[in-house]
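The values are calculated or read from the model by the stated rules, or taken from the named source; none is laboratory data. Computed from a predicted structure; not experimentally measured. Cβ coordinates were reconstructed from backbone atoms using ideal geometry, including for glycine residues, and neighbour counts include every protein chain displayed. Just the protein is used for accessible areas: all its heavy atoms, side chains included, with ligands, DNA and RNA removed. Shrake-Rupley method; radii C 1.70, N 1.55, O 1.52, S 1.80 Å.
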Protein chains: 2
Amino acid sequence: MMTATGRREFLVRYAIETPEPLEKTAEVIAGEQSSGTFLAIAGETDELKARARARVVRVEPTDDRAEPTLFSAQTGRRKRTGPFHRGMVEIAFPVDNVGPNLPALMTTIAGNLFELGELTGIRLIDFDLPDDYARSFPGPQFGIAGTRARAGVAKGPVVGTIIKPSIGLTPAETADLVDKVCAAGIDFIKDDELIANPPYAPFAERVRAVMPVIERHADRLGRKPMMAFNITGGIDEMRRHHDLVVEAGGTCVMVSLNWIGLAALDHLRSYGAVPIHGHRNGWGLFTREPSLGFAFTAYQKLWRLAGVDQLHVNGIRNKFWEPDETVIASARSCLAPFAGVMPVMPVFSSGQSAGQAPETYAALGSTDLMFMAGGGIIGHPGGIAAGVASIREGFEAAAQGVDLRAYARTHPALQQALDAFGGAA
Amino acid sequence: MMTATGRREFLVRYAIETPEPLEKTAEVIAGEQSSGTFLAIAGETDELKARARARVVRVEPTDDRAEPTLFSAQTGRRKRTGPFHRGMVEIAFPVDNVGPNLPALMTTIAGNLFELGELTGIRLIDFDLPDDYARSFPGPQFGIAGTRARAGVAKGPVVGTIIKPSIGLTPAETADLVDKVCAAGIDFIKDDELIANPPYAPFAERVRAVMPVIERHADRLGRKPMMAFNITGGIDEMRRHHDLVVEAGGTCVMVSLNWIGLAALDHLRSYGAVPIHGHRNGWGLFTREPSLGFAFTAYQKLWRLAGVDQLHVNGIRNKFWEPDETVIASARSCLAPFAGVMPVMPVFSSGQSAGQAPETYAALGSTDLMFMAGGGIIGHPGGIAAGVASIREGFEAAAQGVDLRAYARTHPALQQALDAFGGAA
């Protein structure tokens, strides 16, 4: 958005809770995160304020609470007993306060405001950038089309599995498992996020053991199963490992986004030659308290700006804490338009099998997704190939609008999956 | 620690809450974060488990709650009504699961466990590493002694201030302010975390405008005031900006730790020629819900391993949400022994003036600290030099065990600070 004076701005939306009036607190946030100071000081001229001070553009009260959600020593000291006002606020920041710098953008939209004593709840809900500002960040290089092209999966979900046990397999044992799942017709394989470059199975040895197996199946299949090798590590280590994967003919690298950080992902994107699989482990810490942290809509935009191509969103009826509605909202947000930035491919995982296909499809209205199943594929009673087939059949039924159980009558792999894993709503 | 079989391990301590028995849930965490799987699978041999599976080493129940702290769809679906058991658990992980890789360490100790449906509370409290494992990480290069040497402050607190307004000053205006605070005898100046490399005041121009001013005062003072230039940005951008600072004679760089990330800090440490000032903006998001996220003890160890030299800890009676007891615990943890890793210098800030000196000193039993005051220095009624003097006098009184108000009777700058800002307990 642009103001009457030609100041370019980006918009940030927060859910807040405060014992002070919502409008006043919104002004404190806008001030603290731009040119405001506690003391009026000489340098804060009207000209500087017009250029640099953030503006409150909207305040929408929702409800009041008698007790504060988060503790604040300030409300404690002032013996504030409520009510604690809750609402959504939107703040417009000058683009020129930040420039094309993702970590600095975070400091502005998610920095010391989490510390403010006036706030007993503060959650970053969403943000939006002018298209030309968004273009100053890298964004995905491959996205959905690039992932499909490299995986050789023109349509339908990209069906994947995860190397298990997560930790402890030697390179040769890993290669054996890759051989088995490739023989079963898998599209995609990922390292577990727990394995990166441990002494008992060094990254280079894993690539050397696994890639010839994948190449052999690629010759047979006429498409190369995509393997997301977990290159999570130091900056130079990630570059070395990325290069090893590419030199060996690999088509994907994976990173633990939260723990390498935004600057590291942006760097990987700058030289990356294959799609980047973004693992969000640790995400619960950012989101499980609904009055604190981030909503996924904002989170996926950050990593999308930094250049991730595939992003985990959990799964319908997952084995984790998350309810289906936020899983669905997360997956949709990955595909939703955002300032001209390419969408990312949502990755469903956690306790998934064919039974979740219809709702997963319904949530997206699309098969532009990756569907990871561990037990749902490897533990399928008909064998791994039947496990892979069952998931494809589940999505065929969904895309054709056919009832899953009806479809299963003529598709035994699907029928076995429903019998073994349940999972259908 | 080492097991009877010679397996090297590191220890992690969590506060958890769960409707299941604590012991069982601790086993789920240990399994999920090492070699465990939901299905028993062929690859998880006894030999692999002995090598790779994490061990629960301690479970200490604390109390029960009738209602869950965090929502979990699993407890919801199972209609669990409690009690929800709370306690501390310690888990020993094999060092060889991870190796010398900080982001991979985080995935292990702070990854998908935050997602577990069995948990309605999960907080990383602390961890400890064997000394030889800790030595595989960089650790601080300069720490307290290196910071003191470069700032020319052999004893007492390093007294600092922050460029304000945070945002909007031109390079020339910034240099003018630096000139004023150097003339007043300041030890340390930092950029506000909100300014990095914006279009209206490019980083290179700020360094070019500021450093000649600092050099001029250095000639006069016989010591060079330390300026923490905020190099937060992309990987290559940070390196360019670090090099610019060093070439211009600068003695410190600053980064927003959470938003550049662990891999980026480790990289900066690998080539850094000056102390690294670590800003923790966004920290509230990681810690404000006491049943989620991180305790600062664990957080400072991470950044200490990665190589930060100076780390923000908030301040006594700060203007933020945080109570004094965690501020004090945080500052102490920065100086506490940790696996042979050099301590980091705690940085106090947020609404600080001379009045907080006695408790700050009492909390540490030391003046190995940095004390940042904005208004408490620049807004001092006797002028900036009196502001700087008042803080030094406050710490002199504290170190001599003299009552602050008594000391103020013979120290007018201190007296004026107490009159203007209050702040003494």
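Remarks
- Residue match in the stretch A:389-409 (condition: in contact with a Lys or Arg (Cβ under 8 Å, 6 or more places away or on another chain) and crowded, with 20+ Cβ neighbours inside 10 Å): no
- Filtered residues of the stretch A:9-29 (kept if touching an Asp or Glu at 6+ places or on another chain (Cβ under 7 Å) and of a type in the set (D, E, K, R)): A:Arg13, A:Glu20
- The stretch B:287-311: number of residues that are surrounded by 24 or more Cβ atoms within 10 Å (Cβ to Cβ) and in a strand (DSSP E or B): 4
- From the options A:Asp243, A:Asp266, residue that is within 13 Å of chain B (Cβ to nearest Cβ), open to solvent by 10 Å² or more (accessible area, probe 1.4 Å) and among the acidic types (Asp, Glu): A:Asp266
- When the test is whether a residue is at the interface with chain A (Cβ under 9 Å from one of its Cβ atoms), assigned to a loop (DSSP other than H, G, I, E, B), modelled with pLDDT of 95 or more and open to solvent by less than 10 Å² (accessible area, probe 1.4 Å), B:Ala201 does not pass it.
- Of all residues in the stretch B:58-73 being touching a helix residue (DSSP H, G or I) at 6+ places or on another chain (Cβ under 7 Å) and surrounded by 16 or more Cβ atoms within 10 Å (Cβ to Cβ), the one that is nearest to B:Arg288 (Cα to Cα): B:Pro68
- Test: residue in the stretch B:344-362 that is surrounded by fewer than 21 Cβ atoms within 10 Å (Cβ to Cβ) and without any contact (Cβ under 8 Å) to a residue 24 or more places away in the chain: no
- The listed residue being surrounded by fewer than 22 Cβ atoms within 10 Å (Cβ to Cβ) and touching a His at 6+ places or on another chain (Cβ under 9 Å), out of A:Ala183, A:Ala175, A:Ala145: A:Ala183
- Hits in the stretch A:103-138 - residues which are outside any loop (DSSP other than H, G, I, E, B), open to solvent by less than 10 Å² (accessible area, probe 1.4 Å) and more than 7 Å from chain B (Cβ to nearest Cβ): A:Leu105, A:Ile109, A:Leu113, A:Gly121, A:Ile122, A:Leu124, A:Phe127, A:Tyr133, A:Ala134
- Unmet criterion (only one of (1) within 14 Å of chain A (Cβ to nearest Cβ); (2) touching a residue at least 60 places away in the same chain (Cβ under 8 Å)) for B:Ile195: (2)
- Just one of the listed residues (A:Ile328, A:Ile316, A:Ile377) is over 21 Å from A:Ala145 (Cα atoms), among the β-branched types (Val, Ile, Thr) and outside any helix (DSSP H, G or I), and it is A:Ile316.
- Checking each residue in the stretch B:139-175 for being within 14 Å of chain A (Cβ to nearest Cβ), in contact with a strand residue (DSSP E or B) (Cβ under 9 Å, 6 or more places away or on another chain) and assigned to a helix (DSSP H, G or I) picks out no residue at all.
- Segments classed as helices (runs of 4 or more DSSP H), wholly inside the stretch B:1-102, with at least 3 members that are of a type in the set (A, V, I, L, M) and modelled with pLDDT of 95 or more: B:22-32
- A:Leu257 being over 23 Å from B:Pro100 (Cα atoms) and touching a strand residue (DSSP E or B) at 6+ places or on another chain (Cβ under 6 Å): no
- So B:Val207, is it assigned to a helix (DSSP H, G or I), open to solvent by less than 10 Å² (accessible area, probe 1.4 Å) and touching a residue at least 60 places away in the same chain (Cβ under 8 Å): no
- Single residue of A:Gly222, A:Gly249 found to be at positive phi and open to solvent by less than 30 Å² (accessible area, probe 1.4 Å): A:Gly249
- Taken as a whole, the condition of being out of contact with any Ser or Thr (no Cβ under 9 Å at 6 or more places or on another chain), of a type in the set (Lys, Arg) and either more than 8 Å from every other protein chain (Cβ to nearest Cβ) or more than 24 Å from A:Lys224 (Cα to Cα) (or both) applies to A:Arg304.
- Any hit, the stretch B:373-386, residues being within 19 Å of the chain's Cα centre (by Cα), in contact (Cβ under 8 Å) with a residue 24 or more places away in the chain and open to solvent by less than 50 Å² (accessible area, probe 1.4 Å): yes
- Pick from the stretch B:286-331, criterion more than 17 Å from B:Leu124 (Cβ to Cβ) and charged (D, E, K, R), ranking: modelled with the lowest pLDDT: B:Lys319
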